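Everything below concerns the one structure shown next.
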Amino acid sequence: MSVKLLTIETTCDETAAAVVTDKLEVLSSVVASQDELHRRFAGVVPEIAARAHVQRILPTIDEALRRANVVLADLDAIAVANTPGLAGSLLVGLMAAKTLCAATGKPLVAINHLHAHIYACRMAAGREVFPCIGLIVSGGHTSLYRCGNPTEFEYLGGTIDDAAGEAFDKVAAMLGLSYPGGPAISAAAEHGNPRAYTFPRGLAAERDRLDFSFSGLKTAVRYTIAGPGKPDLAALNLSPQDVADVAASFQEAVVDSLVMKSLLALEQTKLKTLCVGGGVASNRLLRQRLLEESLAGNFELHIAPTHLCTDNAVMGAVAFERLRAGKTEELDLDILPGLVRH
Ligand code: KG4
Ligand code: ZN
């Protein structure tokens, strides 16, 4: 009989629950996206996210159990992502998990959301991928880790300002494209010339530093569209070809930075495996460029499948690694919203 886990994910703006087994079989996966609630703000509004989680968490858990054809009594433990993320959002998932544990007596397991993003690669690979360099690239994070094992990461570097996904979302808003910006920019870029504009690759010149910077790039795009000092974006006057060219040139700059620093991390650590997770990892150009580099550079590449790139509860199967090690939590477990750099 397999061990079954209910996993809960509410770190940002997706309410998600899944039932997974210790053989890493996915019995169900439910993701209630809040994209439509945040669209008109072109970014996640923490208060709105927290309230939407409150409304969606119980139906999402119910649906995950129903689709897996299990009841609470069939579960061996309940796991929840309690770090890092938006405080109000994290609290909703944690309270739901603790309440279910209190009511059923099942053990509670903590999930680090960043560990989960990289574990999505382990799940898809169907075999060991550790030790590896982990690149987590999403709306809230852009960081490189030395991942010795699934639950112990050493922070090597990360963005000193915006996350890459955030830059995609902001630039999409400037260009009048829809939210979330990543898929919209990527689609517009298909028809654009990536060399139409030369945008900055932040910190590229710092050859020994594994950090990223995207705010200068964002400003460069803004000045290209509207000119310095002009408060109103003239995006509406851009032709579709202009939009495509800016989108393609911007995407090229982000991808260049991500690829460059990932290769540097591999070189510095002498590790031979790169695992990539997070929403931006579903970007087609990034996937293609990393694949080319892995073939040329002789390192193993694992990128999470696109449905496991954006936030989901399936990747919370990383909780089995803690459960196996006997690491369960008391019911006074708290949230840790900030990025703990390991
Ligand atoms: O991992 P995720 O769902 O949430 C966070 O933990 O942040 O990532 C969401 C981010 C958004 O910023 C979105 O624009 C970006 O991932 N994204 C993409 C693509 N699909 C989603 N960025 C670039 N290209 C894509 N195809
Ligand atoms: Zn995430």
Matching option when the condition is in contact (Cβ under 8 Å) with a residue 12 or more places away in the chain, buried (at least 24 other Cβ atoms within 10 Å of the Cβ) and more than 16 Å from ligand 2 (Cβ to nearest atom), among Val129, Val137, Val109: Val109
Set Gly134, Gly139: member being in a strand (DSSP E or B), within 16 Å of ligand 1 (Cβ to nearest atom) and touching a Gly at 6+ places or on another chain (Cβ under 9 Å): Gly134
Selection count, the stretch 104-131, where residues are among the β-branched types (Val, Ile, Thr) and out of contact with any helix residue (DSSP H, G or I) (no Cβ under 6 Å at 6 or more places or on another chain): 1
Of residues in the stretch 161-183 being of a type in the set (A, V, I, L, M) and part of a loop (DSSP other than H, G, I, E, B), the one farthest from ligand 1 (Cβ to nearest atom): Leu175
Near pairs, Cβ below 8 angstrom, 6+ apart or cross-chain, from the stretch 166-185 (in contact (Cβ under 8 Å) with a residue 24 or more places away in the chain and under 23 Å from Ser143 (Cβ atoms)) to any residue that is within 16 Å of ligand 2 (Cβ to nearest atom) and β-branched (Val, Ile, Thr): Phe168/Val280; Gly182/Val280
Helices (runs of 4 or more DSSP H) (entirely within the stretch 1-104) containing at least 1 residues that are modelled with pLDDT of 95 or more and surrounded by fewer than 16 Cβ atoms within 10 Å (Cβ to Cβ): 46-68, 87-104
Failed condition for Gly157, given (1) closer than 27 Å to Asn82 by Cβ; (2) of a type in the set (Gly, Ala, Ser); (3) more than 16 Å from ligand 2 (Cβ to nearest atom); (4) crowded, with 23+ Cβ neighbours inside 10 Å: (4)
Some residue of the stretch 28-36 being under 23 Å from Gly338 (Cα atoms) and free of Cβ contacts under 8 Å to residues at least 12 places away in the same chain: no
Single residue of the stretch 260-285 satisfying the filter (β-branched (Val, Ile, Thr) and outside any helix (DSSP H, G or I)) that is farthest from Ser28 (Cα to Cα): Thr273
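Quick grid of which residues meet (1) part of a loop (DSSP other than H, G, I, E, B); (2) within 16 Å of ligand 2 (Cβ to nearest atom); (3) closer than 20 Å to Val30 by Cα:
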| position | (1), (2), (3) |
| --- | --- |
| Arg287 | no, no, no |
| Glu292 | no, no, no |
| Leu295 | no, no, no |
| Leu301 | no, no, no |
| Met315 | no, yes, yes |
| Ala319 | no, yes, yes |
| Leu323 | no, no, no |
| Asp332 | yes, no, no |
Among the residues listed as Ile61, Ile8, the single one being within 15 Å of ligand 2 (Cβ to nearest atom), out of contact with any His (no Cβ under 6 Å at 6 or more places or on another chain), farther than 19 Å from His141 by Cβ and not hydroxyl-bearing (Ser, Thr, Tyr): Ile8
Flag for Asp256 being of a type in the set (Asp, Glu) and either within 18 Å of the chain's Cα centre (by Cα) or outside the structural domain of Leu203 (by TED's automatic domain parsing) (or both): no
Single condition Leu156 does not satisfy, out of (1) closer than 21 Å to Gly202 by Cβ; (2) within 13 Å of ligand 1 (Cβ to nearest atom); (3) aliphatic (A, V, I, L, M): (2)
Flag if Asp311 is part of a loop (DSSP other than H, G, I, E, B) and more than 19 Å from the chain's Cα centre (by Cα): no
Condition check for Phe199: buried (at least 20 other Cβ atoms within 10 Å of the Cβ) and touching a strand residue (DSSP E or B) at 6+ places or on another chain (Cβ under 7 Å): no
Matching residues, the stretch 256-280, being within 16 Å of ligand 2 (Cβ to nearest atom) and touching a His at 6+ places or on another chain (Cβ under 8 Å): Cys275, Val276, Gly277, Gly278
Arg146 being free of Cβ contacts under 8 Å to residues at least 40 places away in the same chain and either of a type in the set (Val, Ile, Thr) or more than 16 Å from ligand 2 (Cβ to nearest atom) (or both): no
Members of the stretch 279-304 that are of a type in the set (Val, Ile, Thr) and over 12 Å from Leu258 (Cα atoms): Ile303
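The values are calculated or read from the model by the stated rules, or taken from the named source; none is laboratory data. None of these values were measured; they are calculated from a predicted model. Ideal geometry is used to build each Cβ from the backbone, glycine not excepted, and the neighbour counts take in all protein chains shown.
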